[in-house]
Amino acid sequence: MLHSVRQFFDKAARLPSLFARGGRGGNSAASVRCRILFVCMGNICRSPLAEGAARMYVERNGLADLVEVDSAGTGNWHEGEAPDPRAQKIARERGVDISRQRARQIRPVDFERFDYILAMDEQNLEALERACPEALVGRVGLLMEHTRVFEEREVPDPYYGGEAGFARVWNMVDDAVAGFFAKLDLSAPPDDTNQAGPG
């Protein structure tokens with residue numbers, strides 16, 4: 001199995017036809033001003049919740065035609081799986097259905113496709129920075145850099161805990177997503193010099 005981002009990218013370089021597709025968003029390419037990718041390790045707990053929070057924000061604020069959101073993992077352990085049932089439950093209780101999401105590993109094309117690639121913690125940030133082309137590394141950063149109320153810079157992995165951990169993760173990513181969008185200027189597409197977060 002291919003667990004590391006670098007192993008995956010090394011193989012991807014030999015199989016370019018596998019990566020012709022982009023994210024899961026259904027937006028018209030002509031209208032989208034910003035594409036955001038949330039990344040954790042396995043793409044079944046933290047990043048699906050962040051994607052769900054972002055989708056809810058986008059829909060409630062009438063931004064569905066302008067913003068595309070997706071999520072991925074740096075590892076491939078859960079490829080094709082739905083989000084953890086505890087993550088689905090917390091999201092559903094908060095008003096968003098994430099049950100149709102399916103875990104995937106980040107692809108080489110993602111660094112080109114997405115304007116902002118937001119990691120849940122330092123470990124995944126470092127993996128992304130190692131794999132990202134140097135010219136695009138400014139698109140990669142930590143989601144929690146945009147929090148408005150939390151002191152933590154990392155979203156903890158709730159996988160080995162109970163529902164309370166998933167609830168806290170939701171609260172953290174929901175706040176950071178709102179903080180991110182509060183600074184985002186959608187009047188024009190971001191340029192490649194932007195760091196992984198507006199403002």
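Which residue pairs have Cβ atoms under 7 Å apart, sit 6 or more places apart or on different chains, and have a first residue in the range 126-142 that is basic (Lys, Arg) and a second that is loosely packed, with under 14 Cβ neighbours inside 10 Å and assigned to a helix (DSSP H, G or I)? Correct list of pairs: 130/6. Among the residues of the range 52-72, those identified as over 16 Å from residue 142 (Cβ atoms) and either in a helix (DSSP H, G or I) or touching a Lys or Arg at 6+ places or on another chain (Cβ under 8 Å) (or both) are 52, 55, 56, 57, 58, 59, 60, 66, 67, 68, 69, 70. Might you let me know whether the range 125-145 holds any residue that is of a type in the set (Asp, Glu), modelled with pLDDT of 95 or more and either touching a Leu at 6+ places or on another chain (Cβ under 8 Å) or under 20 Å from residue 175 (Cα atoms) (or both)? Among the residues of the range 125-145, at least one is of a type in the set (Asp, Glu), modelled with pLDDT of 95 or more and either touching a Leu at 6+ places or on another chain (Cβ under 8 Å) or under 20 Å from residue 175 (Cα atoms) (or both), which makes the answer yes. Yes or no: the range 174-189 includes at least one residue that is in contact with a strand residue (DSSP E or B) (Cβ under 7 Å, 6 or more places away or on another chain), within 23 Å of residue 74 (Cβ to Cβ) and part of a helix (DSSP H, G or I). No, there is no match, as no residue in the range 174-189 is in contact with a strand residue (DSSP E or B) (Cβ under 7 Å, 6 or more places away or on another chain), within 23 Å of residue 74 (Cβ to Cβ) and part of a helix (DSSP H, G or I). For the range 31-51, taking the residues that are out of contact with any Gly (no Cβ under 6 Å at 6 or more places or on another chain) and part of a loop (DSSP other than H, G, I, E, B), the one that is surrounded by the most Cβ atoms within 10 Å (Cβ to Cβ) is identified as 45. Filtering 65, 115, 110 for residues that are over 15 Å from the mean Cα position of the chain (by Cα) and in contact (Cβ under 8 Å) with a residue 12 or more places away in the chain leaves a single hit, 65.
The residue of the range 74-118 that is nearest to residue 32 (Cα to Cα), among those that are part of a strand (DSSP E or B) and hydrophobic (A, V, I, L, M, F, W, C), is 117.
A residue that is at pLDDT 50 or above, surrounded by fewer than 23 Cβ atoms within 10 Å (Cβ to Cβ) and in contact with a Ser or Thr (Cβ under 9 Å, 6 or more places away or on another chain) occurs somewhere in the range 11-28.
When only residues in the range 126-150 that are surrounded by fewer than 14 Cβ atoms within 10 Å (Cβ to Cβ) and outside any helix (DSSP H, G or I) count, which is farthest from the chain's Cα centre (by Cα)? Checking each candidate, the answer is 149. Within the range 175-187, identify whether any single residue is closer than 18 Å to residue 71 by Cβ and surrounded by fewer than 16 Cβ atoms within 10 Å (Cβ to Cβ), and answer yes or no. Checked against the condition, which is being closer than 18 Å to residue 71 by Cβ and surrounded by fewer than 16 Cβ atoms within 10 Å (Cβ to Cβ), the range 175-187 yields no hits at all. Of 167, 196, all but one fail to be modelled with pLDDT of 95 or more, under 17 Å from residue 47 (Cα atoms) and not hydroxyl-bearing (Ser, Thr, Tyr); the exception is 167.
The values are calculated or read from the model by the stated rules, or taken from the named source; none is laboratory data. All figures in this text were calculated on a predicted structure; none of them were measured in a lab. Positions of Cβ are generated from backbone atoms using ideal geometry, with glycine treated the same way; all protein chains shown enter the neighbour counts.
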